[in-house]
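First comes the structure, then the notes that go with it.
The values are calculated or read from the model by the stated rules, or taken from the named source; none is laboratory data. Here the structure is a predicted model, which is why all the values come from computation and not from measurement. Positions of Cβ are generated from backbone atoms using ideal geometry, with glycine treated the same way; all protein chains shown enter the neighbour counts.
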Amino acid sequence: MELLAGAFTKNDKMLINNLIKTAKAGNKIVTPNQEDYSEAGKILAKLQMKKGYDLKKAYALTNDVLIALSVRRIGATLVTQNRKDFEMISEFKYLSLHLE
């Protein structure tokens, strides 16, 4: 979802659609499960209380927490340029990160 939302050129859209097609063919699509949503609620509450996040303004943070928890659940490393949010999330739940 976030990749497609950030794809503005025809080439970017084609690359992401090819990535999705390849992932689907290899059964490599990971989605949040019920435990991820429950844990996300706890982490989001901590981020609001301890870090002062306003979730009404930082709605994308909800997606980031769900991405982080899904990646963690399958034992993968999250590769991102969003250093600030994912480092903050990893303070509350260990996450293997590769920051670009």
Q. Across the stretch 47-66, what is the number of residues that are over 17 Å from the mean Cα position of the chain (by Cα) and part of a helix (DSSP H, G or I)?
A. 4
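Rundown of residues vs (1) surrounded by 12 or more Cβ atoms within 10 Å (Cβ to Cβ); (2) assigned by TED's automatic domain parsing to the domain that holds residue 74; (3) in contact (Cβ under 8 Å) with a residue 24 or more places away in the chain; (4) touching a helix residue (DSSP H, G or I) at 6+ places or on another chain (Cβ under 9 Å), yes/no style:
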residue: 1; (1), (2), (3), (4): no, no, yes, yes
residue: 5; (1), (2), (3), (4): no, no, no, no
residue: 14; (1), (2), (3), (4): no, no, no, no
residue: 36; (1), (2), (3), (4): yes, yes, yes, yes
residue: 39; (1), (2), (3), (4): yes, yes, yes, yes
Q. Can you tell me which residues in the stretch 24-34 are within 18 Å of residue 64 (Cα to Cα) and either touching a strand residue (DSSP E or B) at 6+ places or on another chain (Cβ under 7 Å) or surrounded by 10 or more Cβ atoms within 10 Å (Cβ to Cβ) (or both)?
A. 30, 32, 33
Q | Residues that are acidic (Asp, Glu) and either touching a residue at least 60 places away in the same chain (Cβ under 8 Å) or touching a Phe, Trp or Tyr at 6+ places or on another chain (Cβ under 8 Å) (or both), drawn from the stretch 41-100 | A | 64
Q.
Can you find, within the stretch 24-34, the residue that is farthest from residue 73 (Cα to Cα) among those that are without any contact (Cβ under 8 Å) to a residue 24 or more places away in the chain and part of a loop (DSSP other than H, G, I, E, B)?
A. 26
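When you check residue 68 against the structure, is it in contact with a strand residue (DSSP E or B) (Cβ under 8 Å, 6 or more places away or on another chain) and outside the structural domain of residue 4 (by TED's automatic domain parsing), yes or no? So that I can check it myself, show each step before the final result.
Numbers: in contact with a strand residue (DSSP E or B) (Cβ under 8 Å, 6 or more places away or on another chain): yes; outside the structural domain of residue 4 (by TED's automatic domain parsing): yes.
So residue 68 passes the test.
Taking the stretch 43-95, which residues are among the β-branched types (Val, Ile, Thr) and in contact with a Lys or Arg (Cβ under 8 Å, 6 or more places away or on another chain)?
Within the stretch 43-95, the subset among the β-branched types (Val, Ile, Thr) is 43, 62, 65, 67, 71, 74, 77, 79-80, 89.
Scanning the stretch 43-95 gives a single hit, 43.
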Q: Could you tell me whether residue 21 is exposed (fewer than 11 other Cβ atoms within 10 Å of the Cβ) and either assigned to a helix (DSSP H, G or I) or modelled with pLDDT of 95 or more (or both)?
A: yes
Q: Would you check if residue 69 is in contact with an Asp or Glu (Cβ under 6 Å, 6 or more places away or on another chain), in a helix (DSSP H, G or I) and either basic (Lys, Arg) or surrounded by 12 or more Cβ atoms within 10 Å (Cβ to Cβ) (or both)?
A: yes
Q. Within the stretch 41-62, how many residues turn out to be surrounded by 14 or more Cβ atoms within 10 Å (Cβ to Cβ) and at positive phi?
A. 0
